[in-house]
Structures are given as C-alpha cells and as structure tokens.
Amino acid sequence: MKILAIESSCDETAAAVVENGTNVLSNIINTQIETHKRYGGVVPEIASRLHIENINQVVALALSEAKLTFDDIDAFAVTYGPGLVGALLVGVSAAKGLAFAQNKPLIPVHHIKGHICANYIENPDFKPPFVCLVASGGHSHIVYVKDYNTYEVLAKTCDDAAGEAFDKVSRVLGLGYPGGPAVSREAEKGNPNAIHFPRVNMGEDGFDFSFSGVKTAVINYIHNAEQKGEEINKADVAASFQEAVVDVLSSHLIDCAVKCGVDKIALAGGVAANKLLRERIEEKAKKKGLSLSYPSLSLCTDNAAMIGCAAYFAFGNGETADLSLNAVPSLSLD
C-alpha cells in the first residue's frame, strides 16, 4: 500500500510516499528556518503563506523522487492537528483536494502519533507495547503505546514544552533560533553543575512536566547578574539549563516505563535529537534493563514520512475521513 502523506503543522512543508508503513520511497522537507530566524521564532502568518507557496512543489517532488504518479497512490494522509491552525489548513486542504480529485481514501493523522511512529521506520522490529517520550517545540508527552493504534498519555507539560523552553532560553542568551541546537552547542563548552536550576514534578504521580519555572529561573539569573554588572558565563548557563531539562525528561520517562512494566522505551520529536538527552536515557535504560529506540535526526524533526507510517496503521484500523475534515490546532491525544 502506497500512501502520499503531507505534514504542515508548523514551519516545515513536507510530503512523502511511504509503502506498507515503513518503506520510505521519498521524504521531502522544505524548511522555513532561515525565514523565521530573523524574528527569533515561528511567525504563524508567515508560516501559513510559505506553506501555500511550497505545498504543490513539495508534493510533486515527493512523487517524482518515488518515481510514481498519482495513479500509483492508494491513499492520501495528512496531519490535521495539533499545530498552528493556518499552517494545518494548508496541508489539510491540499490532501482533501488530492483525495477528491483521485477518488481515493483520506487518512487523518495526529501529529504526535506521527512522531511516535517514526520509530518504526528504521526499526520495523521495534513493536508495541512501549513507553515513548515525545518532546518538541510544542509538545512534551510521555505516552504508553499499548499497540499500534492504542495510546495512553501518562504525562504532559502543564505549561511550556521542553523545546519552547530551549527556544526562550536561547533567545535570552542571544544564541539565536532554533534554540535546541544553539543551546546544545553552547552547553558543550560549559559546566552543567555550575548553576542549580529547579526541577519541577507535577501531577498526582509527579510525572507531569513544567518547564516554565526553569525558563524563568534562567531569565532571572541573567537579569540579576546584569543589574549587578556581573558578567555571566553563557556556556555554564546553557549547560546547567540543559542539565535540568534532561534530568527531568529522562527520569520521568524511566519512572513511567517501570510503572507500566514494559521492557522497551522510545524517544520522538525534535528534542529527541538532543545528544545529552539520548546519552542520559541510554545510560538509565541500561541500568533498568530497558531497550531503547530513537529515530535518526532527520526523522526527529517534523517530516511527512512519519505521517505516512502512522497513516498505514490508522488505515488498517479503519480510520478515514470525508471532505468535511478540518484542522484541529489543539487536538488532544487523550
């Protein structure tokens, strides 16, 4: 089964052709990072306009690279939430138009499910049940994946997502956008134990996240130093902040896995590309006898291959949509 998938939830216009869930025939990503850099973050209206400009070319390139035509495609899939409403609408509209014109099924895909399914693409032998940490600019979830179509949210952020906190700390340190890679590079030169920033546990079981406090603590530390005329060590601040975030993300993931009694864990989302996070979770997983999966860097950030993979399992579960499908920017996984 060949699925042409579209992803446009934020600032990547992406299209891919995926065969039988894990065989990626093409995976085209048109990123808007260079445009948004000048503003220090994603501007929703600009993102939407760029999606409109790029969507047709990206879809055409995905077909061309796969050496296929629309006649060879069995179904169309698209991210319909969560994300930026204007950006989502571009992808949803394109997918609906293609499904209507070709008279083929339309498969709606939850963005977070797509990130989780990225783990199957390069490692088809990795199968549920497992517990997955999904951490990105907009999401921080720990999800119990019971089978390919059954998900239970064990923890989520009460305020800022981990990636959002990285972006804001990067901005106040003057390191640029996107914040995750910028802070990580600066942190390599610093001492992660130089400053103790807070770790916050939320919720009944203490598994929920809160990154607003650590972000504010960094900002206050910098402002206090500036008011006293003291010079700050940016590398130490970046390293200490990253240490606090990684400490919380890794410990909560391991604790959730132990609670669920699974022997496998996974990472997904843009923050899953963080080198320290991968190393720390690998270390903790080994101590607990847990096997770990995470996608390659190109499949951690937003892409359409992961949407095509998720769509394959959703379609097998009878999940299709008609032409009334709409974007749902705050779509819940619960």
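Table for the structure above
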quantity	calculated
Region 11-20, subset within 22 Å of residue 92 (Cβ to Cβ) and out of contact with any helix residue (DSSP H, G or I) (no Cβ under 6 Å at 6 or more places or on another chain), residue surrounded by the most Cβ atoms within 10 Å (Cβ to Cβ)	14
Region 279-302, subset among the aliphatic types (A, V, I, L, M) and within 22 Å of residue 114 (Cβ to Cβ), residue surrounded by the fewest Cβ atoms within 10 Å (Cβ to Cβ)	297
Residue match in region 157-172 (condition: assigned by TED's automatic domain parsing to the domain that holds residue 218, over 16 Å from residue 274 (Cβ atoms) and surrounded by 24 or more Cβ atoms within 10 Å (Cβ to Cβ))	no
Count of region 47-70 residues which are more than 18 Å from residue 93 (Cβ to Cβ) and within 24 Å of the chain's Cα centre (by Cα)	1
Output for region 104-138, where each listed residue is hydroxyl-bearing (Ser, Thr, Tyr) and over 19 Å from residue 19 (Cβ atoms)	136
Checking residue 79 against (1) under 30 Å from residue 132 (Cα atoms); (2) more than 17 Å from the chain's Cα centre (by Cα); (3) not hydrophobic (A, V, I, L, M, F, W, C), the condition it does not meet	(2)
Count of residues meeting criterion [assigned to a loop (DSSP other than H, G, I, E, B), under 22 Å from the mean Cα position of the chain (by Cα) and crowded, with 17+ Cβ neighbours inside 10 Å] in region 175-199	3
Of all residues making up region 258-310, the number that are part of a loop (DSSP other than H, G, I, E, B) and not aliphatic (A, V, I, L, M)	11
Among the residues listed as 331, 323, the single one being among the hydrophobic types (A, V, I, L, M, F, W, C) and exposed (fewer than 14 other Cβ atoms within 10 Å of the Cβ)	323
Residue count, region 111-147 (criterion: of a type in the set (Phe, Trp, Tyr) and in a strand (DSSP E or B))	2
Test: residue 324 is polar (S, T, N, Q), in a loop (DSSP other than H, G, I, E, B) and either more than 26 Å from residue 30 (Cβ to Cβ) or modelled with pLDDT under 95 (or both)	yes
Considering residues of region 207-237 that are in a loop (DSSP other than H, G, I, E, B) and touching a residue at least 40 places away in the same chain (Cβ under 8 Å) only, the residue surrounded by the fewest Cβ atoms within 10 Å (Cβ to Cβ)	233
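Here's the yes/no breakdown for (1) of a type in the set (S, T, N, Q); (2) out of contact with any strand residue (DSSP E or B) (no Cβ under 6 Å at 6 or more places or on another chain); (3) in the same structural domain as residue 11 (by TED's automatic domain parsing); (4) farther than 23 Å from residue 165 by Cβ:
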{"site": "234", "(1), (2), (3), (4)": "no, yes, no, no"}
{"site": "238", "(1), (2), (3), (4)": "no, yes, no, no"}
{"site": "256", "(1), (2), (3), (4)": "no, no, no, no"}
{"site": "325", "(1), (2), (3), (4)": "no, no, no, yes"}
{"site": "332", "(1), (2), (3), (4)": "yes, yes, no, no"}
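The values are calculated or read from the model by the stated rules, or taken from the named source; none is laboratory data. Since the structure is predicted, the reported quantities are computational estimates derived from the model, not experimental observations. Here Cβ is always computed from backbone atoms with ideal geometry, including for glycine, and neighbour counts include all displayed protein chains.
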